[in-house]
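The values are calculated or read from the model by the stated rules, or taken from the named source; none is laboratory data. Quantities reported herein were computed from a predicted structural model and do not represent experimental measurements. Backbone-built Cβ (ideal geometry, glycine too); neighbour counts: all protein chains shown.
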Amino acid sequence: MKIQLVYEVPSAQDYVSLRIRSGMGNKDINRSHIALKNSLFTVSLYDEEQLIGFGRIVGDGGITYVVSDIMVDTAYQGKGYGKDIMKAINTYFEENTYEDSYVCLIANYPADLLYHKYKFEYLPDNRCGMLRNQKK
């Protein structure tokens, strides 16, 4: 096993395959290609040639940043690879954002415990997170 962290966008096929292997679910390959191409920052973990971990930041690069797609193949979970991904993302934020930048994410439980270590907090009582209903 030779784990390598790289700051490159994986292929859409590798991304979709990892989504499935990590339990995040399937996504359309063409839309995945577009999404990956438009990321502000990506970090990928490989075991030899196989993508085993991934995370990215999307946004406008000036004010708003969203952490997205933090995932690790289930066969590799519990070994600190999620922390490695978040350390790289945290470094990006430390070097590229400002005190008034809007940096957010939507977490699945129990991943919220990991994000607390990187300055993410629950919304205060006077705010709420929302998702738009995309069902037609």
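Table for the structure above
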| quantity | calculated |
| --- | --- |
| Filter pass, G78 being of a type in the set (G, A, S) and farther than 28 Å from Q4 by Cβ | no |
| Output for segment 98-129, where each listed residue is in contact with a strand residue (DSSP E or B) (Cβ under 6 Å, 6 or more places away or on another chain), assigned to a loop (DSSP other than H, G, I, E, B) and of a type in the set (V, I, T) | none |
| The listed residue being under 21 Å from A111 (Cα atoms) and either more than 12 Å from the chain's Cα centre (by Cα) or β-branched (V, I, T) (or both), out of Y15, Y98, Y76 | Y76 |
| Residue list for segment 29-49, restricted to those being over 23 Å from A111 (Cα atoms) and touching a helix residue (DSSP H, G or I) at 6+ places or on another chain (Cβ under 8 Å) | I29, N30, H33 |
| Cβ pairs under 9 Å, 6+ apart, first in segment 1-28 and at positive phi and at pLDDT below 95, second outside any helix (DSSP H, G or I) and crowded, with 17+ Cβ neighbours inside 10 Å | G23/M71 |
| Any hit, segment 106-113, residues being closer than 14 Å to V43 by Cβ and hydroxyl-bearing (S, T, Y) | no |
| Check on E95, at pLDDT 95 or above and loosely packed, with under 13 Cβ neighbours inside 10 Å | yes |
| Test: I57 is buried (at least 20 other Cβ atoms within 10 Å of the Cβ) and in contact (Cβ under 8 Å) with a residue 40 or more places away in the chain | no |
| Number of the condition not met by E8 [criteria: (1) within 14 Å of the chain's Cα centre (by Cα); (2) within 19 Å of A107 (Cα to Cα); (3) not in a helix (DSSP H, G or I)] | (2) |
| Members of segment 1-50 found to be of a type in the set (D, E) and either surrounded by 12 or more Cβ atoms within 10 Å (Cβ to Cβ) or in contact with a strand residue (DSSP E or B) (Cβ under 7 Å, 6 or more places away or on another chain) (or both), listed by number | E8, D14, D47 |
| Within segment 32-54, considering residues that are among the β-branched types (V, I, T) and in contact (Cβ under 8 Å) with a residue 40 or more places away in the chain, the one nearest to L18 (Cα to Cα) | I52 |
| Filter result (in contact (Cβ under 8 Å) with a residue 12 or more places away in the chain and surrounded by fewer than 12 Cβ atoms within 10 Å (Cβ to Cβ)) within segment 107-123 | K117, K119 |
| Flag for S68 being of a type in the set (G, A, S) and under 26 Å from V16 (Cβ atoms) | yes |
